Amino acid sequence: MQERIVEIIVYLIHEMHADKRLGEIDLRVLSDKGYTQNEISTAFSWLLDKIHLGDNILPAGRRRSQHSHRVLHDAERNVITAEVYGYLLEMRELGLLDDMEIELIIDRIMMAGFGSVTIVEMKSVVASVMFDYDDSNRIGSRLMLNSKDTIH
């Protein structure tokens with residue numbers, strides 16, 4: 001389910017980059033693609049929460065990243081295809097992942113022992129990183145549980 005929420009967030013940010021306000025985005029497109037109202041609401045909540053926290057989800061203007069792109073090692077290229085790496089770069093350019101999170105994702109993929117990671121598998125790892133941020137000072141206000149959380 002988290003992967004589907006990330007897909008919705010990516011769609012929303014693309015729409016916002018096209019100078020649409022959140023209220024102007026046509027949500028029927030998402031419903032027509034099979035996303036549930038719960039998934040759409042969760043994506044909106046996550047996005048609004050990040051904006052409220054001051055995270056720079058939408059860079060000012062349409063500036064492109066001034067950072068250089070990380071070059072994959074030969075061993076990493078054997079596991080991470082160009083398509084999958086392109087997805088990672090897109091997530092970074094949209095402001096959903098930073099350089100450290102990209103490194104974390106690549107490390108997780110390499111340590112997991114994948115022969116070749118698929119785009120579906122990469123989306124799962126990206127979702128786990130995106131939704132596992134440290135917000136311990138805001139316990140009880142999260143959209144999703146972190147991997148270290150317990151329910152009593």
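The values are calculated or read from the model by the stated rules, or taken from the named source; none is laboratory data. Worth saying up front: this structure is predicted, and the values here are computed from it rather than measured. Here the Cβ is made from the backbone with ideal geometry for all residues, glycine too, and neighbour counts use every protein chain on show. The protein model used for the area step is the full one, side chains on, heavy atoms only, and it has no ligands, DNA or RNA in it. Shrake-Rupley method; radii C 1.70, N 1.55, O 1.52, S 1.80 Å.
Scanning the range 23-34 for any residue that is open to solvent by less than 40 Å² (accessible area, probe 1.4 Å) and touching a residue at least 24 places away in the same chain (Cβ under 8 Å) turns up nothing. The criterion of being open to solvent by less than 80 Å² (accessible area, probe 1.4 Å), modelled with pLDDT of 90 or more and within 30 Å of Ala112 (Cα to Cα) does not hold for Ile40.
For first residues located in the range 85-111 and over 26 Å from Ile51 (Cβ atoms), partners that are part of a helix (DSSP H, G or I) and lie 6+ apart or on another chain with Cβ distances below 6 Å form the pairs Arg108/Val125.
Here's a check for you: in the range 64-95, which residue that is over 19 Å from the mean Cα position of the chain (by Cα) and modelled with pLDDT under 85 is surrounded by the most Cβ atoms within 10 Å (Cβ to Cβ)? Spell out the reasoning first.
Kept after step one, since they are over 19 Å from the mean Cα position of the chain (by Cα), are these residues of the range 64-95: 66, 68, 71-79.
If we keep only those that are modelled with pLDDT under 85 as well, we get 66, 68.
Details: Gln66: 5, Ser68: 7.
Taking the candidates together, the pick is Ser68.
Just wondering, is there one or more residues in the range 10-33 that are in contact with a Gly (Cβ under 8 Å, 6 or more places away or on another chain), at pLDDT 85 or above and within 14 Å of Met130 (Cβ to Cβ)? Yes: one or more hits.
Within the range 5-16, being open to solvent by 50 Å² or more (accessible area, probe 1.4 Å) and either in contact with a Leu (Cβ under 7 Å, 6 or more places away or on another chain) or within 10 Å of Thr42 (Cα to Cα) (or both) holds for no residue. When the residues of the range 96-118 are filtered to those that are charged (D, E, K, R) and closer than 11 Å to Met130 by Cα, the one that is least open to solvent (accessible area, probe 1.4 Å) is Glu101.
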